[in-house]
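Computed from the coordinates by the stated procedures, all read-outs in this text should not be read as laboratory data. As the structure is a computational prediction, the values presented were derived from the model and not from experiment. Positions of Cβ are generated from backbone atoms using ideal geometry, with glycine treated the same way; all protein chains shown enter the neighbour counts.
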Amino acid sequence: MTMHAVDASDSQMGLLPEEAAWRGIELCRRGEWQEGFYWLSLATNVTVETSSVPSLFFAYLGYGLARFHGEVDEGLRLCRRAVELELYQPESHYYLAATYLLAGDRRSAMDAIEQGLQVDATHPGLTELVADMGPRRSPVLAFLPRRHALNRWLGKARHRLFGPREAG
């Protein structure tokens with residue numbers, strides 16, 4: 001991870017890692033990502049097994065790394081970890097989906113959105129992402145599941161022939 005070093009004065013503040021993590025999360029929620037990312041970085045020297053940092057810490061840190069530092073693979077890893085730690089946290093699904101979009105993986109982003117909407121169908125961030133992405137096309141063969149190999153193959157062929165979206 002590319003983070004600025006934590007100097008001695010930071011460690012003398014006596015903040016617990018979870019306190020620094022929550023401060024960073026709250027700043028990021030207000031749109032103050034630079035300051036928030038600084039606080040998140042103070043909590044990065046802990047491990048999941050020995051700390052009580054919230055699962056959201058990993059979602060915010062992962063998205064921040066991907067968006068502001070270009071470390072998309074590491075960002076995805078951290079966002080996935082957040083979802084693994086707390087499956088019923090829609091905000092973690094939101095940041096996982098947003099990070100997948102940064103990676104150019106629309107299908108995985110939609111999967112993360114759908115999982116998050118199962119947790120909270122009214123989550124503002126997730127519903128906004130759905131609106132921004134637009135509706136998915138119907139499977140070519142509606143009687144088969146979307147992920148069926150034949151639907152996937154035909155869908156790719158349709159995409160090559162007609163482009164990314166149907167007109168109208």
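Descriptive notes on the structure:
- For LEU16, no residue whose modelled amide H falls within less than 5 Å of its own remains once neighbours fewer than 5 places apart on the same chain are excluded.
- Spin-label model, LEU144 to GLU26: label points 7 Å out along the Cα-to-beta-carbon direction sit 5.3 nm apart.
- In percent, rounded to a whole number, the relative contact order of the stretch 41-168 is 15, using alpha-carbon pairs under 8 Å and six or more apart.
- Stretchable slack from TYR88 to SER52, in nm (0.36 nm times residue separation minus alpha-carbon distance): 11.2 nm
- Working note: Debye formula, equal point scatterers on the alpha-carbon atoms of the stretch 56-168, no solvent; log10 I(q)/I(0) at q = 0.13, 0.14, 0.17 Å⁻¹ is -0.55, -0.62, -0.85.
- Between GLU18 and ARG160, the contour length at 0.36 nm per residue exceeds the alpha carbon distance by 46.3 nm.
- Spatially, the stretch 60-74 and the stretch 95-136 are offset by 17 Å when compared through their Cα centroids.
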